[in-house]
1. Check which residues have an amide H placed less than 5 Å from L339's amide H, if you skip close sequence neighbours.
2. If you take the beta carbon distance between A216 and A164 as r and set R0 to 56 Å, what does 1/(1 + (r/R0)^6) give as a FRET efficiency, to the nearest 0.05?
3. What value does the range 231-380 have for Rg/Rh, both radii from Cα atoms and Rh as Kirkwood defines it?
4. For n ≥ 4 DSSP H runs only, could you compute -39500 (n - 2.57) per run for the chain, divide by its residues and tell me the 222 nm figure to the nearest 500?
5. Can you give the local net charge around A314? Use residues other than it whose beta-carbon is closer than 12 angstrom to its beta-carbon, Lys and Arg +1, Asp and Glu -1.
6. How many nm is it between the label spots at F45 and R261, if each spot is 7 Å from the Cα in line with the beta carbon?
7. Calculate one ³J(HN,Hα) per residue across the range 256-273 by plugging θ = phi - 60° into the Karplus curve 6.51 cos²θ - 1.76 cosθ + 1.60, and present them in order as whole Hz with x for glycine and proline.
8. In nanometres, what is the gap between the two model label sites at D272 and N202, each 7 Å from Cα along Cα-to-Cβ?
Amino acid sequence: MTDAFSYENSERALQEGYCSAAVRGIIHAPLINLGGILVVGPALFMLLPWYYAICPILLRLFSIIFTHINARRMQKALADDAELTSPIARFELGAIFVGLSWASTLLLLQPAQWTTPPGTTIVAISAIGIAMTSLIIAPLRRGLLLFLISYFGSVILYVAWYFADFGFITLATLVAVIFATTKLSFLLSHSAHETVRTKIENALLNQELQLALAEAERLSHTDELTGLANRRAFEDHVHKLLSRDPDNGILLLADLDHFKRINDEAGHAMGDNVLRAVGKLLSAMTVASGFPNRIAARIGGEEFAIFIGGTDIAAGQRLAEDLRRAIGGISSATAQGHLQVSVSVGVARRLPGESLTQLQKRADEAMYEAKNGGRDQVRLAA
């Protein structure tokens, strides 16, 4: 079994595949089976009294109806994702009836009648029926085995009873037919199993591929450390927002103060923890803000951005102050004690016709004004 079959439900998927393949064949088989009865029926009436000839025909009809009902029940169990043990057991019982019903077309004949034209027709149709039935139920191996045992077991008992009436050539031919049919049936079963297995394996591999592609797509738009959007995703999303509402938009650029000192004194692992904490704050605050058109991102080492569409500069300033105070509540333990984290934020409102690059430039200038003005503050762009 390949790695693609490491899924917990792979055995269930195989079982469903085998059942589905058998059900499809059975549901489309009744008309063919009825055609066989229309050929075998007159031949039986030509060789046997009507009260004998009618028995195999009725048994064939019963087995066709019973098998079709079981196939429909199995189809419903597959559609409902229900357990398949009971439907499979009923199917296997039906396979026994099918084998006995095909055997019954031969068992009422006398050995001498096998070689007459009607007898030859019955034997030929029976052989064709066995081959077709084996092909249809091949995916369910135990059902196939029970079918072959019921059919050939009955025929072997018949031959044993009339052993003296059969010539050597007839017996040798019968043995060869039994061997060839059994061999062919199990080759068909193996082929059906491999077909189902290949389809399911391909489906599981395709599922793995889709998951991998989705993960790759997510990673290409996500900052792995903070879980926020990265610069590429941020710019793509802002461009979409601006295309829908070109006249509104507030950009916040936030840069952590003295972040190099945190890395140098507390270590890069602590610096990463601070960045994760800031990422969680930005994500929570943008959601809590209630603005439908917003995105938060990490666009550089310790630089973050928030864009909000459809709002004014006052709302942007309030959000920036809330962000500054929230980040101020983060502290980093160092050898010299606790190092307080702070942030400088620049806020810019998009001007008519202004590009995202120009808007970023003005927000960046406002953020550096906050840095130069003593850090841990918010400045509005001119």
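Quick note: the coordinates plus some simple rules give every number you see, no bench work behind them. If you're wondering where the values come from, they're calculated on a predicted model, not measured in any experiment. Quick reminder, even Gly has a Cβ in these numbers, built from the backbone with ideal geometry, and neighbours come from all protein chains shown.
1. S332, A333, T334
2. 0.15
3. Result for the range 231-380 is an Rg/Rh of 0.98.
4. -24000 deg cm²/dmol
5. Cβ neighbours under 12 Å give a net charge of 0.
6. Modelled inter-label distance: 10.7 nm.
7. 5, 7, 6, 5, 4, 5, 4, 5, 6, 8, 9, x, 5, 5, 5, x, 5, 4
8. Distance between label points: 4.2 nm.
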